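Colleague: Please see the structure below; I have some questions.
The values are calculated or read from the model by the stated rules, or taken from the named source; none is laboratory data. Keep in mind it's a predicted model, so treat the numbers as computed, not measured. Cβ placement follows ideal geometry from the backbone for every residue including glycine, while neighbour counts extend to all protein chains displayed. Remember, those area values only see protein heavy atoms, side chains included, never the ligands or the DNA or RNA. Shrake-Rupley method; radii C 1.70, N 1.55, O 1.52, S 1.80 Å.
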Amino acid sequence: MDENGTYVINDKVMFSPNTNSLHALDGAANPIFLHTPSSQCLLILLQNNNAVVSQKILFEEVWEKNGTLVSANTLYQNIALLRKALKTLSIDEEIIKTIPKQGFKLSAQVSYREYLDGGGCDANILEIRDQLSIEDEVSSVNNPVIAPDPSPVVVREPHDVKEHEDIVRLIVKLKGSFFFKYVLPLIFSIIFLSILYPAFLTQLRLGKDFFSSYYSLGEIDKCAIYSSFDVKEASLEKFKKLARASKLVCRPGNVVYLTFNRQYGQDSMVFCDKSIRDDTAHCKTIIYQETILNEN
């Protein structure tokens, strides 16, 4: 089974991976178009029907292989969108279940079929309807009903990225420019050093534990690593990259705190000779943005 076909779920809903769409086979509801991450999550769950799919697999297949890092909350939001879409199309039972500390499991009656020659999604819907209930088709000829409004219903992805397509295109166009690669990162670094960093130090002096919510990544050569991002493998890979770029040597007893700012594409690393909670700790901050590396 792959993306070159359709999946029928509980004889009620047809899913087309090629168009990221869900269709009610009885035609009683408008089609629902999913955004790509939600559609890919559903495809993986269908391909592993009645089996538990770990969060790690979903992160890797849907986001990380495309170079994107997301939090667990984003994954949960996409699963919630799928549940809502299926319920809208009359699958009232909860076929996507959360398995604590393991992942997600889809349990349903699932059938798969290749696209018909010369046809696509609509042709498959018609043939499946014929097989499900010939009598209903005959009845519909004798007692015609008015078809529902065919306008598609779009299930919006978190943060409604589609509304910002023009801005994204402009950023992509500017990304290769000298201003975007060198001047803009320098401006952000200056702002951080002149405003954010002093404020951060003030918080530490006031005794506020800024890093209490950071996730422990374990130790590398007895050097403790903490991260603001809860995906361990991705955070460790980022740490190794920053360490190589800054020629950092993390020795036993040292502590590193990683902070990822996806909004501005900027990462920082606070490196201390001991826990930052120790008043005698000596720390330095390394800020990384593309090819620019500033150190304090």
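Yes/no per residue for (1) closer than 27 Å to VAL53 by Cα; (2) touching a helix residue (DSSP H, G or I) at 6+ places or on another chain (Cβ under 8 Å); (3) assigned to a loop (DSSP other than H, G, I, E, B); (4) at pLDDT 95 or above:
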{"site": "TYR76", "(1), (2), (3), (4)": "yes, no, no, no"}
{"site": "LEU86", "(1), (2), (3), (4)": "yes, no, no, no"}
{"site": "SER90", "(1), (2), (3), (4)": "yes, no, yes, no"}
{"site": "LEU116", "(1), (2), (3), (4)": "no, yes, yes, no"}
{"site": "ILE128", "(1), (2), (3), (4)": "no, no, no, no"}
{"site": "SER140", "(1), (2), (3), (4)": "no, no, no, no"}
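Colleague: Look at region 22-40 and say how many of its residues are buried (at least 19 other Cβ atoms within 10 Å of the Cβ) and among the small types (Gly, Ala, Ser).
Modeller: 3
Colleague: Looking at region 58-70 only, could you name the residues that are open to solvent by 40 Å² or more (accessible area, probe 1.4 Å) and assigned to a loop (DSSP other than H, G, I, E, B)?
Modeller: Across region 58-70, the qualifying residues are GLY67, THR68, LEU69.
Colleague: To continue, here is another question. Quick check on my filter: what residues within region 204-241 are open to solvent by less than 70 Å² (accessible area, probe 1.4 Å), under 16 Å from TYR257 (Cα atoms) and modelled with pLDDT under 75?
Modeller: Those that are open to solvent by less than 70 Å² (accessible area, probe 1.4 Å), under 16 Å from TYR257 (Cα atoms) and modelled with pLDDT under 75: LEU204, ASP209, PHE211.
Colleague: Within region 225-241, work out how many residues are closer than 15 Å to PHE211 by Cα and either assigned to a helix (DSSP H, G or I) or free of Cβ contacts under 8 Å to residues at least 60 places away in the same chain (or both).
Modeller: 4
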